[in-house]
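Only the coordinates and a few stated rules stand behind these numbers; no lab work does. Note that the structure is a prediction, hence the values are computed from the model and not measured. Using ideal geometry, Cβ is built from the backbone for each residue, glycine included, and neighbour counts are taken over all protein chains shown.
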Amino acid sequence: MNRRRVGRYLLEAWYDYQPEPFDPGAIRSAVIFMPKSIGDGMGIYPVIRALQARGVEWLGIVASHRSAPVYEALKPEGVEVFEVSHDRDYRAVRGIAREIRRSRGQIDLCVEATTLISSPSIYFVGTLRARMNLQLSGSRMKLYAPLCNQHAAHYQEASPPQNWAWLMRDAGIAEVPGRFELPVPAAVENEVKPWLDDLLDNSGPYLVFNLDGSVRERQISLAKAREMIPEIHRAQGLAIVIPFDPAGRAKAEALAEEFPYVHAYPGEPSILRTAVMIKHARLLISPNTAAIHIASAYDIPTLGLYHRLEPVWRPRASANVVTLIKGPLAELPLSQCMNALDKLNQTLRNSPPKQA
């Protein structure tokens, strides 16, 4: 047994405790621990919706700086969001748990939503010491309700939100849809929509072509984008909107300057602004990253460019195609992309029209 595993076992033993018997009718306050990525954050919305349906009096969410915007639209509903720079900031994780306990008293339910048996999750749940706890990580700590273990064992069989929806149902909290969500505050929608309306008036419908993933292997280079864009435009006949983060601005703007049918939002980038662009698009082409899950949330037809197949994180839009690239996306064969796009178009032609 390696040192890391021994250290984790010792940490679990130190922070473990005997919870109260699980009783969904006794849940008045709840905390969700999710200081992870944007896609992970979108995947726990069934937990949020189930707790809201249950009528909890107070709900807090511990998020990372990256995932916190996912919950921005919930703040007017009374949801409190706590931010940590990243989940490995152990001092901050423990500090938030202590602050919640100090200000709110003992919390009725903690949902450890990272799906990982990790030091941050152990520190948080062990410091918070809620009356009841749920998880999908497979942790054997006795502080978690026993019903979690069966759900954790089958986690790879469905999408993250579907897994959480099933757990919420079987825990007796509420039955809710198992889908990704990213609600956008009205102020952000009202900021971006006029730019999109002007684009629609002048160029017609558009698709979103996202170039950048969270790691290098999921990124489409400027040279590869220059090769792909004319063929995509020829095949689809649509304007192309390229969202970007701060690091990708120069690439997006260079492409918008080079191709008259390519457009880059002129304002500051954010995941919420990107969500508005995807929400009103005809389709999305993207590496495996948050944009895929935003399209799933709004049921936008999706072509996923994956360098490694991760079934639980595949697109969930009703019309979607995934093409698997051997190697980084910078080496994506153009013919493979276009064949996958043609397959998506065939799927759309054979699909019944969406209800208005």
Taking only pairs that are 8 or more places apart or on different chains, how many Lys pairs in the chain have Cα atoms under 17 angstrom apart?
-> 4
So which trypsin sites (Lys or Arg not before Pro) in the range 285-334 pass both tests, a DSSP loop state and at most 12 other Cβ atoms within 10 Å of the Cβ?
-> 308, 326
Once residue 343 and residue 127 are pulled to full extension, the length gained, defined as 0.36 nm per residue separation minus their Cα-Cα distance, is 72.7 nm
Hull surface over four for the Cα convex hull of the range 3-170, reported in nm², is 9.0
For n ≥ 4 DSSP H runs only, could you compute -39500 (n - 2.57) per run for the chain, divide by its residues and tell me the 222 nm figure to the nearest 500?
-> -12500 deg cm²/dmol
Which far-off residues, 5 or more places away or on another chain, put their amide H under 5 Å from the one on residue 181, with H placed in the peptide plane?
-> 45
Can you give me the relative contact order of the range 98-150 as a percent, contacts being Cα pairs under 8 Å and 6 or more apart?
-> 36
How large is the dipole of the chain about the Cα centre if only Lys and Arg carry +1 and Asp and Glu carry -1, each at its Cβ, rounded to the nearest 20 debye?
-> 1120
Low-density loop positions, chymotrypsin sites (Phe, Trp or Tyr not before Pro), the range 293-346 - DSSP coil, at most 14 other Cβ in 10 Å = none
What whole number of Å gives the distance from the Cα centroid of the range 309-327 to the Cα centroid of the range 72-117?
-> 31
For the range 230-356, what number results from the quotient of the Cα radius of gyration and 2.2 N^0.38 Å?
-> 1.04
What list of ³J(HN,Hα) values in whole Hz, one per residue of the range 207-223 in order, does the Karplus curve 6.51 cos²θ - 1.76 cosθ + 1.60 (θ = phi - 60°) give from phi, with Gly and Pro shown as x?
-> 10, 9, 10, 8, 9, 10, x, 7, 10, 4, 5, 9, 10, 9, 5, 4, 5
The chain: relative contact order from alpha carbon pairs under 8 Å, six or more residues apart, as a whole percent, is 15
For semi-axes √(5λ) of the Cα gyration tensor in Å, several values are listed as (1) 50, 23, 21; (2) 55, 21, 20; (3) 39, 21, 19; flag the one computed from this structure.
-> (3)
Enumerate the amide H contacts of residue 239 below 5 Å, restricted to partners 5 or more residues apart or on another chain; note that Pro and chain-start residues carry no placed amide H.
-> 207
Hz values of 3J(HN,Hα) by residue in the range 104-110 - Karplus curve (6.51, -1.76, 1.60), Gly and Pro given as x | 10, x, 6, 7, 6, 9, 10
